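The values are calculated or read from the model by the stated rules, or taken from the named source; none is laboratory data. Here the structure is a predicted model, which is why all the values come from computation and not from measurement. As a convention, Cβ positions derive from the backbone with ideal geometry for all residues, glycine included, and neighbour counts pool all protein chains shown. Heads up: the accessible areas ignore ligands, DNA and RNA and are worked out on the full protein's heavy atoms, side chains in. Shrake-Rupley method; radii C 1.70, N 1.55, O 1.52, S 1.80 Å.
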Amino acid sequence: MTALVLALLAGALVGLALGSLGAGGSILTVPALIYLLGFSPAGATTASLIIVIVTSLTALLAHARAGTVCWRAGLLFSAAGLLPAAAAGLLSTQIPAAVLTLAFASLAVLAGMRMLRHRTPSEGATASAPRAAGAGAALGAVTGLLGVGGGFLAVPALVAALAVPMSAAVGTSLLVIIANALVALVARATTEVSLDWTLIMPFIATAVLGAWDGKRLAAKVQPATLQRVFGTLLLAVAAVMATGTLL
């Protein structure tokens with residue numbers, strides 16, 4: 001019963017972050033699964049991909065109805081990341097748990113620092129195919145290896161590399177995240193990882209509900225304030241993960 005309650009609470013927090021910021025929620029999923037629900041690092045990153053796909057799909061449908069998805073740019077960006085996502089997805093199950101945890105902690109530090117700086121990517125950039133391919137490949141590799149959506153990386157990359165307007169960057173990034181996560185999940189299907197669906201399903205349910213609450217919260221609280229809160233939380237999570245692995 002305690003594990004179920006923790007799954008519900010953790011899912012709500014992840015959804016709240018995704019709904020209010022469009023990024024940063026999925027990177028909380030893996031540590032929540034490991035430290036609160038007892039998943040192994042390999043199991044947590046696989047379960048995280050499932051959670052990321054469902055919650056991102058829900059959010060994508062909302063953005064599509066609002067017309068804030070650049071489908072062509074999103075598909076082009078996704079194409080560059082599919083092979084790296086598949087390769088990294090296969091590789092992740094062969095990496096020692098300690099290495100995987102430290103890599104994730106490093107990514108959490110990067111995400112936290114970006115949120116604390118709360119800088120908005122500048123618009124008006126000229127689309128560049130090589131930059132888009134490089135950024136798409138890097139994002140695919142991160143998604144496949146660590147099981148995170150990487151919205152905090154995808155949004156500025158779409159603005160800078162493909163000149164996607166900020167008004168459509170979050171919605172378009174969700175398309176990229178879903179494509180990469182699906183490929184990474186299929187690649188992991190060939191490996192045997194134990195997943196506790198009695199915890200994953202409640203986590204997904206409250207994440208989806210939390211995402212809608214996050215949208216309402218974003219309308220009431222300054223984005224910079226929300227970013228500072230979640231940025232600080234990510235840095236704390238990274239410190240706990242790194243300390244627990246190194247000691």
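Extension gain for residue 212 to residue 83 (0.36 nm times residue separation, less C-alpha to C-alpha distance): 43.2 nm. For the chain, the carbon plus sulfur part of the accessible surface works out to 70%, probe radius 1.4 Å. For the chain, a Gaussian network of Cα nodes joined below 10 Å ranks 209, 13, 33 by mean-square fluctuation, and the top entry is 209.
In this label model, residue 65 and residue 3 are separated by 3.5 nm, measuring between points 7 Å along each Cα→Cβ vector. Which helices pass in the chain if a helix is a full DSSP H run, must span at least 24 angstrom along its long axis by Cα, and must have mean Kyte-Doolittle hydropathy not below -1.0? Sorted by number, the helices that extend far enough and score high enough are 2-21, 41-66, 71-92, 97-117, 129-146, 166-188, 197-220, 223-246.
Averaging the sequence gap over all C-alpha pairs within less than 8 Å and six or more residues apart, then dividing by the number of residues, gives the chain a relative contact order of 40 percent. Rounded to the nearest 20, the size of the Cβ-charge dipole of the stretch 49-200 about its Cα centre is 360 debye, with Lys and Arg at +1 and Asp and Glu at -1.
Computed over the chain with a Gaussian network model linking Cα atoms closer than 10 Å, the most mobile of 205, 85, 17 is 205. What the Cα atoms of the chain give is an Rg and a Dmax of 16.6, 53 Å.
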